[in-house]
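As structure tokens, the structure follows; a few thoughts come after it.
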Amino acid sequence: DVSVVVPVFNNADTLDELIDRLVAVLDPLGVSFEIVAVDDGSQDTSFEILQRRAAQDERIRPRALARNFGSQAALCAGFDLARGARIVCIDADLENYPEDVPALLTALERGFDLACGVRTDRRSSVWRRRLPSALLNAYVRRRTGTHIRDIGCGLRAMEARVVRNLGLEGEARRLLTPLLLRRARTVVEVPIRHATRTARDGHSFLSLLGIALDFYLLTARRPFLVLGLAGLALLAS
């Protein structure tokens, strides 16, 4: 019924707790589930932990990428492996609460294709994370025409059809959230809790700026139109 996709990168300190809490949350729901954990080239013991947990519980399905490709690539790999009718994705650093997953699944039961978590009482640094994230959110909302307030939240749930055949999207898969927003017919925001990161610090200001630039270059037509006209003008002169 449900596949939980977890991108993993150097999360040895949080993996056991994450898996324990996910199982404790999903078991009482009476649904069949799997946890698809994709190790994105970790340099610690993350994959060994996943293998140990998989030997204890067949519902845990670890996979390892050949090297570090980034969390978006790890998520896409997990989507390709997922067998559930509904997909939940959550980061491995316990910034988001696994206990909020049922609220997202309830939103899908109400008929929505995509349920996006909205972090309340965010505990990230204002200058390093929240301000650049807010600017990126505003820019992506303007470009996509959506009104989602927290595009960077890693906790979301969706019907499997939303992520089916993502390979056809080519380079657009590098910017997964705008892609999911475009593919989903109906989208809802679900308030969730936010905890202090216990592992790596995630995106810096420069990395968020790079994401915004990637999105601009993948979606904007005007820069290429201007350069094309300039090239024609040079050829004609």
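Listed here are the residues, each with its yes/no results for (1) open to solvent by 20 Å² or more (accessible area, probe 1.4 Å); (2) in a helix (DSSP H, G or I).
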{"residue": "Glu48", "(1), (2)": "yes, yes"}
{"residue": "Glu58", "(1), (2)": "yes, no"}
{"residue": "Ala66", "(1), (2)": "yes, no"}
{"residue": "Leu75", "(1), (2)": "no, yes"}
{"residue": "Arg83", "(1), (2)": "yes, no"}
{"residue": "Val88", "(1), (2)": "no, no"}
{"residue": "Asp93", "(1), (2)": "no, no"}
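The set of residues in region 172-212 that are modelled with pLDDT of 55 or more, open to solvent by 80 Å² or more (accessible area, probe 1.4 Å) and not in a loop (DSSP other than H, G, I, E, B) comprises Arg174, Arg182, Pro191.
Residue count for region 22-46 under the criterion of being crowded, with 17+ Cβ neighbours inside 10 Å and not in a strand (DSSP E or B): the result is 8. For region 1-21, the tally of residues that are of a type in the set (A, V, I, L, M) and surrounded by fewer than 18 Cβ atoms within 10 Å (Cβ to Cβ) stands at 0. Scanning region 103-115 for residues that are touching a Ser or Thr at 6+ places or on another chain (Cβ under 8 Å) and open to solvent by 10 Å² or more (accessible area, probe 1.4 Å) turns up Gly111, Phe112.
The values are calculated or read from the model by the stated rules, or taken from the named source; none is laboratory data. Everything numeric here is computed off the predicted structure, so don't read it as measured data. In this analysis, Cβ positions are derived from the backbone assuming ideal geometry, glycine residues included, and neighbour counts consider all displayed protein chains. Accessible surface is based on the protein model in full, side chains and every heavy atom, while ligands, DNA and RNA are left aside. Shrake-Rupley method; radii C 1.70, N 1.55, O 1.52, S 1.80 Å.
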